[in-house]
Amino acid sequence: MRLAVCFTNFGPYHLARLRALAERLGASGGRLTAYEVASQEQTYPWRRSRGHEPFDWITLFPGRTLESLSAPECAHALEQALDRDRPDVLGVVGYARPESMASARWGRKRGLPVVLMSESQAVDRPRVWWKEAVKRRRLRLFDSALVGGPAHRAYLEQLGMPGDRISLGYNAVDNAAFARAARAWRGCDQARDGLPGSPYFLSVCRFAPEKNLPRLIEAFARYRASARAGSAWDLVLCGDGPAAAVVEQAIAQHGVSECVHRPGFVQVDDGLPRWYAGAGGFVLASLSEPWGLVANEAAASGLPLLISNRAGCAATLVIEPAGATGACFDPLDVDEMTHRLAWLAGLGASDRAAMGLRAAEVVASWGPDRFAAGMIEAIEHALLVRQAPRLRPRKRRVGRPRSQPEVKP
């Protein structure tokens, strides 16, 4: 089997998934071709190392940023690559990007199995009927799907994809790497150099409106105001983005400048695991979050989780009973968010450690191997759909038309 997939730009978690998938395919004599549209992406300026990989790594526009490319350029470049490489099966990310739709149509035209990779859920944003109608039509290009969790499967079913063609496991990071790094940093004497001296809340995200950081900062300020003197945690916000000025304004407005730390966008290789290792708990307060891979990273690093109930990962990583791995909250409810912060900070270190250990155990089942297994399962579903006999439309008889009943005046 020759499988081809395409992402806009490879980040660390893309590479972890692709390696696991390539190894699984290779064990049965298959081969993975992975396309990335551009070498760089301004939205997520990942840095990655490129060595010997178990898959064919093809960059359609070397040296270009994704944002500099037009839709026709992206679609045409991928069509040319597919014409050249002639894969047997296609894995397509979403149904919005131009290269994704070009890939799906290319596969459909040739009668090949086409698998949708999706992390959309119904609560991500307000849904408009005509846009949903467009999605339903586009969904007909796909034979099966690989999604993150139950909420994503439910949304695709709502759009018309049969549930028995939908596999789980799309959203994964390199759990083992984060777990190893966190253990190493916790055992290092210099681990806390430059970090707050006591446990802290950690949030890792792009500074954008949907990440809801002003409300998180307000909730944190309320928590600080009510905490016992000398016991309050700090807050660390790793990231950057277009709402950075709004974040800075919120910090100043609530008077927490001395206890909110902003190390900026931290690459994995530049010490992001150190910030996970030193934290007392992880917070993701997003208003809209298709999944939230940073929660996977935090869980793999052994942190308790405080997760917005809008995040796609919430139902998978924050499990029952309440407090097992953390807690969810309404991202619009600042009082509830404040309560969750105070609750976590009020737990003993051993209780938080046990909660983080359970979070690591849960996310261990949702790593790159799960992605690879889910993709293989989705391919098998797609092959069955392609091989199923098609019902032919009944032909109309050609001949004398049926007599019409006499109509009396």
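For beta carbons closer than 6 Å, sequence separation of 6+ or different chains, a first residue in the stretch 112-135 that is farther than 28 Å from residue 387 by Cα and a second that is of a type in the set (Gly, Ala, Ser), the qualifying pairs are 121/151; 121/312; 124/288; 125/288. Mind checking whether some residue in the stretch 76-89 is assigned to a loop (DSSP other than H, G, I, E, B), basic (Lys, Arg) and more than 22 Å from residue 116 (Cβ to Cβ)? No, there is no match, as no residue in the stretch 76-89 is assigned to a loop (DSSP other than H, G, I, E, B), basic (Lys, Arg) and more than 22 Å from residue 116 (Cβ to Cβ). When residue 190 is tested against (1) buried (at least 20 other Cβ atoms within 10 Å of the Cβ); (2) in the same structural domain as residue 276 (by TED's automatic domain parsing); (3) out of contact with any helix residue (DSSP H, G or I) (no Cβ under 8 Å at 6 or more places or on another chain), exactly one condition is not met: (1). Restricted to the stretch 209-235, and to residues that are hydrophobic (A, V, I, L, M, F, W, C) and touching a helix residue (DSSP H, G or I) at 6+ places or on another chain (Cβ under 6 Å), which residue is nearest to residue 338 (Cα to Cα)? Here the answer is 219. Checking each residue in the stretch 28-48 for being free of Cβ contacts under 8 Å to residues at least 60 places away in the same chain and more than 30 Å from residue 110 (Cα to Cα) picks out 40, 41, 42, 48. The residue list 239, 148, 163, 169 contains one member that is in contact with a Lys or Arg (Cβ under 9 Å, 6 or more places away or on another chain) and surrounded by 23 or more Cβ atoms within 10 Å (Cβ to Cβ), which is 169.
Scanning the stretch 50-74 for residues that are of a type outside the set (Val, Ile, Thr), within 15 Å of residue 18 (Cβ to Cβ) and touching a residue at least 24 places away in the same chain (Cβ under 8 Å) returns 53, 54, 55, 56, 57. In this structure, residue 307 does satisfy being at pLDDT 95 or above and in the same structural domain as residue 216 (by TED's automatic domain parsing). Is at least one residue of the stretch 229-240 in contact with an Asp or Glu (Cβ under 6 Å, 6 or more places away or on another chain), in contact (Cβ under 8 Å) with a residue 24 or more places away in the chain and within 19 Å of residue 345 (Cα to Cα)? No, that holds for no residue.
The values are calculated or read from the model by the stated rules, or taken from the named source; none is laboratory data. Just so we're clear, the structure is a prediction, and the values are computed from it rather than from any experiment. Heads up, the Cβs are rebuilt from the backbone with ideal geometry, glycines too, and the neighbour counts pull from every protein chain shown.
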